[in-house]
1. Counting only residues that are touching a residue at least 24 places away in the same chain (Cβ under 8 Å) and more than 16 Å from ligand 2 (Cβ to nearest atom), which one in region 162-174 is surrounded by the fewest Cβ atoms within 10 Å (Cβ to Cβ)?
2. Within the set of pairs 6 or more residues apart or between chains, which connect a residue that is assigned to a loop (DSSP other than H, G, I, E, B) inside region 43-55 to a residue that is open to solvent by less than 30 Å² (accessible area, probe 1.4 Å) with Cβ atoms less than 6 Å apart?
3. Out of 87, 98, 51, 110, I need the residue that is open to solvent by less than 40 Å² (accessible area, probe 1.4 Å) and more than 30 Å from residue 167 (Cα to Cα). Which one?
4. Output the number of the condition that residue 280 fails; it satisfies all remaining conditions of (1) open to solvent by 30 Å² or more (accessible area, probe 1.4 Å); (2) within 16 Å of ligand 2 (Cβ to nearest atom).
5. Could you grab me the full set of residues in region 239-267 that are more than 13 Å from ligand 1 (Cβ to nearest atom) and basic (Lys, Arg)?
6. Is it the case that residue 143 is modelled with pLDDT of 90 or more, more than 16 Å from ligand 1 (Cβ to nearest atom), among the aromatic types (Phe, Trp, Tyr) and not in a helix (DSSP H, G or I)?
7. Which condition breaks for residue 272 when tested against (1) closer than 26 Å to residue 161 by Cβ; (2) away from ligand 2 (no atom under 16 Å from the Cβ); (3) in contact with a Pro (Cβ under 9 Å, 6 or more places away or on another chain); (4) open to solvent by 60 Å² or more (accessible area, probe 1.4 Å)?
8. In this structure, is residue 159 of a type outside the set (Lys, Arg) and crowded, with 24+ Cβ neighbours inside 10 Å?
Amino acid sequence: MQLTVTSPNEKTKIDLEKVIREVENIPTIPESLIQILRVLDDSESGASDLARAVRLDAPLMSQILRLANSPYYSHQGNLSDINRCVAVLGYRTVRQMALGVSVATSLVSAVANTAGRLDYRELWRHSVVVGAMAKELAFMVGFHDPEQVFTAGLLHDIGKFILEIQFAERYDRLVEARSHVGCPLTEMEREEFGFDHADIGEAFGRIWYLPQVITRSLGSHHDEPTTQSNGDSPDRAMALVKLADYLANTMVPSRSDLGFDPRHVNPQALQVEAGIRIHELEENLSSLRDAVDLASDYLNLG
Ligand SMILES: [Fe+2]
Ligand SMILES: [Fe+2]
């Protein structure tokens with residue numbers, strides 16, 4: 001597979017395939033995720049195929065059941081198996097939950113085992129907030145698959161986890177230096193590594209065969225906003241994640257510096273790109289906050 005990413009600001013070709021060959025500590029794709037992705041790809045597959053895939057991995061199954069019974073998803077409780085979850089929550093919801101939980105737990109447990117100092121729990125908290133807000137924005141604009149936007153938001157910064165897993169010392173130093181320098185984190189990442197967390201997140205998204213909507217959000221969530229996106233395209237999902245990232249950073253600021261600097265973001269342009277009017281957003285601020293509170297069950301994965 002040839003992976004060449006054009007970095008939007010520097011317009012340089014980055015040979016990520018070479019970078020990925022050189023990295024050693026990245027967790028391999030879990031067998032259960034391979035099976036889940038196979039189910040996702042197959043339009044003929046259904047609840048029993050998903051249940052079979054998830055049963056391969058007992059910790060994953062118990063996480064899914066716990067989340068399905070959490071206030072964020074369930075209004076009925078007592079969901080004790082995957083088939084029942086699908087019947088109550090819908091197939092789309094449960095398969096996205098399986099995908100997000102499988103990828104997230106692999107990365108969070110890998111980063112926990114590094115000697116790095118990056119506040120990965122705070123990064124995970126930020127990820128959950130972005131997922132919840134992105135899903136709420138997706139509902140707001142009538143996007144066809146809000147659950148997929150949730151997963152894209154939840155995973156949008158996996159490139160940061162990967163940089164911390166692979167280059168803990170260098171990445172910690174860089175994140176610390178950024179707060180004094182005042183230039184965008186992505187720019188500093190490109191200077192240090194030759195690519196940024198969005199580039200490497202997208203590359204691993206492709207290597208792990210994540211759906212296109214998700215890899216698009218991984219790779220482009222720091223790109224300059226372009227024209228308004230409409231409908232149900234991957235670009236629309238990405239624009240929703242981008243706006244959610246801004247809202248998460250401003251409404252629920254991180255307790256430690258994760259590299260956000262409002263001076264480098266134009267919120268009006270993000271709203272235009274996502275196809276959301278300012279008054280729609282203002283009217284829905286409380287539901288955005290509620291969604292974040294309810295999604296807090298996801299924090300336990302970190
Ligand atoms: Fe990011
Ligand atoms: Fe982010």
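1. The extreme case among them is 169.
2. If the second residue must be open to solvent by less than 30 Å² (accessible area, probe 1.4 Å), the pairs left are 45/39.
3. 51
4. Here residue 280 meets the rest and fails (2).
5. Correct list: 255, 263.
6. yes
7. Every listed condition holds for residue 272 apart from (1).
8. So residue 159 fits the description; yes.
The values are calculated or read from the model by the stated rules, or taken from the named source; none is laboratory data. Computed from a predicted structure; not experimentally measured. With ideal geometry, Cβ positions are generated from the backbone for all residues, glycine too; neighbour counts draw on all protein chains shown. Note: areas computed on protein heavy atoms with side chains; ligands, DNA, RNA excluded. Shrake-Rupley method; radii C 1.70, N 1.55, O 1.52, S 1.80 Å.
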